[in-house]
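Each remark here refers to the structure printed beneath this line.
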Amino acid sequence: MATEKVYYCEKCGRTMSGDNFYTSNNLEKYPDDGKLPQCKKCITMHVDNWRPETYLWILQEVDVPYIPEQWNKLLQTYAKKGNKISGMTILGRYLSKMKLGQWNKYRWEDTEHLQDVANKKIEETMMRQGYSRSEIDEVINKASVPIPEEPLVEPDHKPQLEDAFNQFFIPTAQDVPTEDYFAR
Ligand SMILES: [Zn+2]
């Protein structure tokens with residue numbers, strides 16, 4: 001009988017099976033099979049699903065692109081009022097999504113390019129619908145999440161609860177309504 005390979009979490013010090021660890025595409029940094037050195041529970045400890053700065057560093061470690069539109073779609077689906085979600089809820093589903101054919105050719109370094117493509121889509125949609133330059137710029141500004149130049153590191157605490165509810169609005173090309181978007 002083959003023994004299952006076990007992994008050690010450097011944070012909680014426990015030994016667990018591989019499915020308790022996220023797998024990185026960056027095999028140079030994480031040789032053998034790409035397993036990250038912290039278990040899923042530990043690595044998502046400080047994740048706030050509404051604050052990219054708390055999870056972008058994990059996407060970088062796993063080496064997948066950050067596509068705000070896809071993240072926010074998952075948020076809309078799974079973070080409905082009353083639903084209990086943890087730091088793993090969205091991240092786990094997002095990483096699964098990034099393994100699908102449409103996305104699996106992209107890595108962290110493609111983040112900026114993909115964001116440009118998404119913004120272009122918003123721009124084209126809104127232009128077709130007759131929005132002004134400044135209205136388009138405003139929406140694109142809100143839709144863009146700047147990626148810091150410096151290497152990303154894990155935040156040392158979870159943001160305050162009240163901040164967590166300070167959700168920002170990120171429109172996507174799909175969300176730009178066909179009618180009077182800026183009325184009211
Ligand atoms: Zn752990």
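Every number in this text was worked out from the coordinates using simple rules, so none of it is lab data. Keep in mind that what you see is a predicted model, and the values were worked out from it rather than measured.
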Checklist entry - So what's the range 1-43 giving for Cα Rg divided by 2.2 N^0.38 Å, two decimals? => result 1.13
Checklist entry - Between Glu149 and Cys12, what length in nm is gained on full extension when 0.36 nm per residue of separation is reduced by their alpha carbon distance? => result 46.3 nm
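Average the reciprocal distances over every distinct pair of alpha-carbons in the range 47-143, invert the result, and give the Kirkwood radius in Å.
Values: mean 1/r = 0.0685 Å⁻¹.
One decimal place: 14.6 Å for the Kirkwood radius.
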